[in-house]
Amino acid sequence: MTKQYPFIDMHAHFFNGAYLPLHGILLSWDVKALLAKPAARLLQSLVFLSRFREASLVGDLRPDEQELVDAIQSGDPDLLMNSAVRRALKVIEDLSEGSLDDPSVFDHLRQISDAIRDMSRYFELDRHGVVPGTTIRKSLHGAQMDRDQLAQDLAEVLFHALPEIAEAAEHSSLMDHHASHAARSPHDDYPPSPEGSALIQKGLPVGQLGSTKQLLLFVISMLCSERTRLRLIRSDYAKGKPADGYDPEHLISLLPDLGSAYEEQHGKLLPPRVDAIQQMRRTVALAGESGGQIVPFGSVEPFSRDAHRSYWREKVEFGREMGITGFKIYPPSGFRAIDPALLPAGGRYGPDYITPIDPQHSDYYQTAQTFQNFSRINEVMEEILRYFSDNQLRLFTHCTPEGFEARTGLGVNADPAFWDMAMIQYEATDLWLCLGHGGGHTRWDWGGWTAQEADWPNTFAYKVVDMCRRYPNVYCDFGYLTDILGKSEAAQIRRDRMLERLEALLLDTETTAEHPYKFSDKVVFGTDWSMPHMIGETRAYLDAFLAFFDRSPALAARAPAFFHGNARRYLGMPAVG
């Protein structure tokens, strides 16, 4: 039997759609503006938020939220779509009951009505002069709501909107992870016969069922409350757990503060419902309810500022007052740690440095050639690095070309070389920095961890390994490297190449003056739950790494460090065992 180890998941998320700039994200996926805004408004209105002054994690979920959970766990696209429709119907009914006495509820209901109306007009659904959304409007003025008509309106709007959004999102780096790596979900073959799907029977092209289901999984998981998302990851880890297996000791909760970054790229947007300060407050409350299992990280970004004031410090210091000592930063939202033009000639990286990107990916290749930080970003990033270094705070950065890019191609800014440059230039070489995803395994940089040997030195992953071995406090996590699941023949080939490379690095005990640290002391386990291809796969992902370390006694000796020891050191926790 495979040996089990206590473990820490260094890369998890409990935020939901209320924390995200959904309007900007849809625009970044090239969803048409006339659809993006009302769709974002409708989705924002459907998100559950935990009421932390009321019932705790103990007890049953509300029936309407339990339905979302059941749909997620089934992976059935029809159930996912139906749960979205019924969630929208329940929100509208609940609001309608209170709209007479509360003007704010009245206004909220009107916004939902307008969103449904605008989406229906976009799809030209106003047949016979009837516009979906009218049913809500009439109820605002005292008419009895026609529940059946409203349900039909919602189903019609969502049936048209979600596949179109899915088709746009399929080409985004966040969603095409599936196509890039063939990391198949356990639900990818559902239904056995696509023609059995009600969505197909209604007219959805068979070729769009997979992308629509993938988007539905992401959307429905983002409608769940923070508490329910914690229940979901616990359920994922419990599924298939052996008798001697462990639950996660800690789940590191990473937050997004992306609203200002997306507005830099797209102009004025609908803001997230939950701002950065409230995100931290809510996550600290959830961490308390979890009995300390969750370790809350805040977020830091360089965009919230005016001519005389940077707000990043205020947010970070608020988090510190709440006991938060780690913060996530997200370069694909539209900045890099430093512009190479600021560097002197003759160093490790010169002022002419350009991120190596496979030229066949034109958006990324061109961005690598031409991108420069907005004015003052370099100044603010210098402040951030020096502050974090001086105060021994933990910084966690996204480090792979894919993800929440405010515009396609901005993922190149996650190049770890920019952190290397900035740490040297700003005299922050003792910075506690975790490079998320370990550089990744994406096609934009020749496959990263799965690259052919000739391409390996050009990858983000190669530079991650180099930094982990050169700097005392630089670490990396292995979240969302889904090729390890080997769900296709091509993925198995890439998996074997990745694990062969990882094994060699873990077993390399040689240190030098240039590389005084061992990689085996710097890499940690993580998942990036609940990104689309991690839902339902969390235990399988853990099991794949457990099986890898079970290959030999030499690897097994390094397993405790990978699964929890290195994470404890990075987090400043006492060592155990």
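The values are calculated or read from the model by the stated rules, or taken from the named source; none is laboratory data. Everything numeric in this text was worked out from a predicted model, so none of it was measured. Methodologically, a virtual Cβ is constructed for each residue, glycine included, from the backbone with ideal geometry; neighbour enumeration extends over all protein chains shown. Side chains included, ligands, DNA and RNA excluded: accessible areas come from the protein's heavy atoms. Shrake-Rupley method; radii C 1.70, N 1.55, O 1.52, S 1.80 Å.
What to note about this one:
- Overall Cα dimensions of the range 437-508 - principal axes, largest extent first, Å: 38, 21, 20
- Estimated translational D of the chain in µm²/s (Stokes, Kirkwood radius over Cα pairs; 20 °C; 1.002 mPa s): 87 µm²/s
- Take every Cα pair under 8 Å whose residues are at least 6 apart in sequence, average their separation, divide by the length of the range 262-401, and the relative contact order is 23 percent.
- Degrees separating the helix 33-46 axis from the principal Cα axis of the chain, which is the longest one: 90 degrees
- Proximal aspartates and glutamates to residue 239, defined as alpha-carbon separation beneath 12 angstrom and excluding residues fewer than eight positions away on the same chain: 247, 537, 543
- For the range 449-577, the spread of Cα positions along each principal axis, largest first, Å: 41, 38, 29
- Simple label model, 7 Å out from Cα along Cβ direction - residue 556 to residue 366, nm: 5.4 nm
- Accessible area in square angstrom per residue, the chain, 1.4 angstrom probe: 38 Å²
- Computed over the chain, relative contact order equals 18 percent, with contacts defined as Cα pairs under 8 Å that lie 6+ residues apart.
- If R0 is taken as 30 Å, the Cβ-Cβ distance between residue 358 and residue 30 corresponds to a FRET efficiency of 0.90.
- Degrees between helix 460-470 axis and first principal axis of the chain (Cα, 0 to 90, nearest 10): 50 degrees
- Student exercise, the chain dipole from Lys, Arg, Asp, Glu Cβ charges, in Debye to nearest 20: 720 debye
- Carbon and sulfur %, accessible surface of the chain computed with the full protein complex present, 1.4 Å: 49 percent
- For the range 364-434, radius of gyration divided by Kirkwood radius, i.e. Rg to Rh on alpha-carbons: 0.98
- Across 37/268; 3/487; 90/268; 463/522; 315/463, pairs whose alpha-carbon gap is larger than 19 Å: 3/487; 90/268; 315/463
- Around residue 73: net Lys/Arg minus Asp/Glu count, Cβ-Cβ under 10 Å: -2
- Over the range 6-68, the hull volume per residue, using the convex hull of the C-alpha atoms, is 154 Å³.
- Seen against the Cα atoms of the chain and their longest principal axis, helix 276-289 is set at about 80 degrees.
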